[in-house]
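For reference, the structure is listed below as structure tokens.
The values are calculated or read from the model by the stated rules, or taken from the named source; none is laboratory data. Not measured: the values here are computed from a predicted model. FYI the Cβ positions are ideal-geometry reconstructions off the backbone, even for glycines, and counts take in every protein chain you see.
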Amino acid sequence: MKRRNFIKKASATSLGFAAFSSSLVSCDANLAKKKEPITTSKILKPLVIATWKTDLAVTTAAEVLEKGGSAIDAVEQGCRIEEANENGQSVGKGGLPDRDGDVTLDACIMNEKGDYGAVLGVKNIKHVISVARKVMEDTPHVMLVGEGAESFAVSKGFERENLLTEKSKKAWENWKIKSEYKPIINIENHDTIGMLAIDKNGDISGACTTSGLAYKMAGRVGDSPIIGGGLFVDNEIGGASATGLGEEVLKTVGSFLIVELMRQGKSPQQACEEAIGRIVNKPGKDFKNFQVGYIAINKRGETGAYSIHEWFSYNLYKDKENKNIKSDYFNKA
Ligand code: ASP
């Protein structure tokens, strides 16, 4: 008797649950139907946006797009410029090393289909953005780390080289005198490149590449190669990318947050501002000594950028012009 009652009750409950969950499903489906996707039909002008002063990288990406190339090719080619630039000490060759003197690189890439590939903590390989693309296109995985990523790169024809330049070695040796590690990024010393592009078909892709924080602990990985952290692209909505203290970006899943805010109707600018707000408005958060900056685009080709402190800038290629633009920022006190 008891058992029967239990079964009765259980089936009533599960029926109820089924009805409830199916109402949830239909409710979600209706919602999805009601939402008008941002239309792309008139957006056939190529556009590129990238963090920091990255003129040549953006020009390179824009050239790919103007010739009718895809957004994914554009962001890869653009990022390779910074990876090869030995004077930039936050990306690729010449990047500042970790505490042990090893340069380790992180990168990720996302295409218009929502595919993603990343490499984390890679030594001896300069063009990690291209390795990330190979992970995305040639493996069943999305992330490869450390030695595995390096061996994979070599198997794909990438050459090993020493990434520590004399300039970066000297900087590290100077740092070692005091060995003071403050997990702080001041306002001037980072230039991770995050890049987003829209091609002539209206498709969006993004890429992000960095040597991470200078003098980080060996093995530390920041936001840049993590999907939703340093980069996120949804071809129906738009894309976002981050630079600055990766730990703070990751704790708020910043780039994913921005794309989701745009999905809910916010402009790229409003979405970037809200994402910065999520960091600085945490109770007791001392944001005075670290920087975070975001860039975003939507499917209409509207753009946004916002940072915690002054001096974040971005390059924007639009209507055949490439300009470095100073971002608006939160801390005006
Ligand atoms: N976001 C990078 C990281 O945390 C650093 C930077 O942008 O400077 O690894």
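Is one or more of the residues making up region 285-293 in contact with a Pro (Cβ under 6 Å, 6 or more places away or on another chain) and at pLDDT 95 or above? Looking for residues that are in contact with a Pro (Cβ under 6 Å, 6 or more places away or on another chain) and at pLDDT 95 or above, one finds none in region 285-293, hence no.
Residues of region 45-97 that are over 16 Å from SER313 (Cα atoms), within 14 Å of the ligand (Cβ to nearest atom) and hydrophobic (A, V, I, L, M, F, W, C): CYS79, VAL91, LEU96.
Quick check on my filter: what residues within region 104-134 are outside any strand (DSSP E or B), away from the ligand (no atom under 13 Å from the Cβ) and in contact with a Lys or Arg (Cβ under 8 Å, 6 or more places away or on another chain)? Once the filter is applied, which keeps residues that are outside any strand (DSSP E or B), away from the ligand (no atom under 13 Å from the Cβ) and in contact with a Lys or Arg (Cβ under 8 Å, 6 or more places away or on another chain), region 104-134 yields ASN124, ILE125, LYS126, HIS127, ILE129, SER130, VAL131, LYS134. Only one of the listed residues (SER267, SER255) is over 16 Å from ALA197 (Cα atoms) and among the polar types (S, T, N, Q). That residue is SER267. Here GLN291 fulfils each of the conditions (1) touching a Leu at 6+ places or on another chain (Cβ under 7 Å); (2) closer than 15 Å to VAL58 by Cβ; (3) not hydrophobic (A, V, I, L, M, F, W, C) apart from (2).
Screening region 228-252 for residues that are away from the ligand (no atom under 14 Å from the Cβ) and among the aliphatic types (A, V, I, L, M) and picking the one that is surrounded by the fewest Cβ atoms within 10 Å (Cβ to Cβ) gives ILE237. The requirement of being away from the ligand (no atom under 16 Å from the Cβ), modelled with pLDDT of 95 or more and under 30 Å from LYS126 (Cα atoms) is satisfied by SER205.
Hey, any hits in region 253-275 for a residue that's touching a His at 6+ places or on another chain (Cβ under 9 Å) and crowded, with 18+ Cβ neighbours inside 10 Å? Within region 253-275 (the criterion being touching a His at 6+ places or on another chain (Cβ under 9 Å) and crowded, with 18+ Cβ neighbours inside 10 Å), the answer is no, since none of the residues qualifies.
Which condition number does ASP138 fail, the rest of (1) over 20 Å from THR243 (Cβ atoms); (2) buried (at least 24 other Cβ atoms within 10 Å of the Cβ); (3) not small (Gly, Ala, Ser) being met? Evaluating ASP138 over (1) over 20 Å from THR243 (Cβ atoms); (2) buried (at least 24 other Cβ atoms within 10 Å of the Cβ); (3) not small (Gly, Ala, Ser) leaves (2) as the failure.
In region 65-80 there is at least one residue that is touching a Lys or Arg at 6+ places or on another chain (Cβ under 6 Å), closer than 12 Å to ALA197 by Cα and either aliphatic (A, V, I, L, M) or crowded, with 18+ Cβ neighbours inside 10 Å (or both).
For every residue, the table says whether it meets (1) within 21 Å of GLY228 (Cα to Cα); (2) surrounded by 19 or more Cβ atoms within 10 Å (Cβ to Cβ); (3) among the acidic types (Asp, Glu).
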residue	(1), (2), (3)
ASN289	no, no, no
ASN298	yes, yes, no
SER307	yes, yes, no
TYR317	no, yes, no
GLU321	no, no, yes
ASN324	no, no, no
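ASP223 satisfies every condition listed in (1) surrounded by fewer than 21 Cβ atoms within 10 Å (Cβ to Cβ); (2) near the ligand (Cβ under 7 Å from one of its atoms); (3) among the charged types (D, E, K, R) except (1).
Can you find a residue that is within 13 Å of the ligand (Cβ to nearest atom), modelled with pLDDT under 95 and in contact with an Asp or Glu (Cβ under 8 Å, 6 or more places away or on another chain) anywhere in region 171-184? Yes, region 171-184 contains a residue that is within 13 Å of the ligand (Cβ to nearest atom), modelled with pLDDT under 95 and in contact with an Asp or Glu (Cβ under 8 Å, 6 or more places away or on another chain). Checking the stated criteria, GLN264 turns out not to satisfy the condition of being more than 22 Å from ASN111 (Cα to Cα), more than 14 Å from the ligand (Cβ to nearest atom) and out of contact with any Leu (no Cβ under 9 Å at 6 or more places or on another chain).
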